[in-house]
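A short write-up of the structure that comes next.
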Amino acid sequence: MAYITCEDLTLGYDGSVVTEHINFQVNQGDYLYIIGENGAGKSTLIKALLHLMEPIQGEVVTGDGLKPYEIGYLPQQTVVQKDFPASVWEIVLSGTLAKRGWKPFYTKQEKQCVRENMEKMAVWDLRKECYRNLSGGQQQRVLLARALCATTKLLLLDEPVTGLDPKVTAEFYQLLQELNQSGITIIMVSHDMQAAAAYASHILHIEKDTTFYGTKSQYQKSEAWKAFQYTAGGAAHE
């Protein structure tokens, strides 16, 4: 059974539909890119995948041993989040909260998990630094370490390279590819079609009146891809 199965989802607010007829699966080891124009429903879908909202119709089913709280989430950062006054250690340690319940103290194993993920993301030496004083690339590595403390199975990332310079962006994509190759499933919301062409195994393309889901090679042969290329090309010449 798939990690996540979405069956004929209709999503919206107060009965007003944002997007509908969403059908796709995410299996262990997949690298799924979710793309689409602004306002097409990508952010709304994220909320549904995180079980922060109920669909108007259809359902989001988790399986293959994945618990709803085992989705490591890296949100798109706001100005307020970038200026959060906490230490790097505190930020990453908070990633263990979802699965630890109401225990009053962090265990030795949890602290060891935090250290291992910080070392993996090359931010261990920054553990005493204030998060707000880090560069954008360092902040994203810290948040990725935090997400990895929540799961060893599936990461959901929302526009994670927004505002990063090209060199840091390339390094971050390489990091995600290595995590995927190590067995972690990735769902990425992005406008970066070059990255999708390089790294994705599957594409979910959401528009207000239609959606496409399939492998990357299927997508690059689809009408959805041709329409997207035409729109992007037109926008580039405006």
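The values are calculated or read from the model by the stated rules, or taken from the named source; none is laboratory data. No experiment lies behind these values; they were computed from the predicted model shown. Cβ atoms come from the backbone with ideal geometry, glycine included; neighbour counts cover every protein chain shown.
Descriptive notes on the structure:
- None of Ala98, Ala86, Ala150, Ala145 is of a type in the set (A, V, I, L, M), in contact (Cβ under 8 Å) with a residue 40 or more places away in the chain and surrounded by fewer than 16 Cβ atoms within 10 Å (Cβ to Cβ) except Ala86.
- Residue match in the range 109-122 (condition: part of a loop (DSSP other than H, G, I, E, B), in contact (Cβ under 8 Å) with a residue 24 or more places away in the chain and polar (S, T, N, Q)): no
- Residue in the range 109-132 that is on the phi < 0 side of the Ramachandran plot and small (Gly, Ala, Ser) present: no
- The number of residues in the range 149-175 being out of contact with any strand residue (DSSP E or B) (no Cβ under 6 Å at 6 or more places or on another chain) and in a helix (DSSP H, G or I) comes to 11.
- Hits in the range 99-138 - residues which are closer than 21 Å to Glu178 by Cβ, basic (Lys, Arg) and modelled with pLDDT under 95: Lys120
- Each residue in the range 113-142 was checked for being under 21 Å from Gln28 (Cβ atoms) and surrounded by fewer than 17 Cβ atoms within 10 Å (Cβ to Cβ), and 0 pass.
- Scanning the range 208-227 for residues that are in contact with a Phe, Trp or Tyr (Cβ under 9 Å, 6 or more places away or on another chain) and at pLDDT below 90 yields a total of 5.
- When Ile22 is tested against (1) in contact with a His (Cβ under 8 Å, 6 or more places away or on another chain); (2) within 22 Å of His191 (Cα to Cα); (3) at pLDDT 90 or above, just one condition goes unmet, and that condition is (1).
Quick grid of which residues meet (1) assigned to a helix (DSSP H, G or I); (2) under 18 Å from Arg146 (Cα atoms); (3) modelled with pLDDT under 85:
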position	(1), (2), (3)
Leu45	yes, no, no
Ala48	yes, no, no
Glu54	no, no, no
Val61	no, no, no
Gly65	no, no, no
Tyr69	yes, yes, yes
Gln81	yes, yes, yes
Ile91	yes, yes, no
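- Applying the criterion of being over 14 Å from the mean Cα position of the chain (by Cα) and under 21 Å from His191 (Cα atoms) to the residues of the range 35-75, the residue that is surrounded by the most Cβ atoms within 10 Å (Cβ to Cβ) is Gly41.
- Any hit, the range 192-200, residues being out of contact with any strand residue (DSSP E or B) (no Cβ under 8 Å at 6 or more places or on another chain), exposed (fewer than 14 other Cβ atoms within 10 Å of the Cβ) and free of Cβ contacts under 8 Å to residues at least 24 places away in the same chain: yes
Residue-wise test of (1) over 15 Å from Gln25 (Cβ atoms); (2) among the charged types (D, E, K, R); (3) surrounded by fewer than 16 Cβ atoms within 10 Å (Cβ to Cβ).
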{"site": "Leu179", "(1), (2), (3)": "yes, no, no"}
{"site": "His202", "(1), (2), (3)": "no, no, no"}
{"site": "Glu207", "(1), (2), (3)": "yes, yes, no"}
{"site": "Ser217", "(1), (2), (3)": "yes, no, yes"}
{"site": "Ala227", "(1), (2), (3)": "yes, no, yes"}
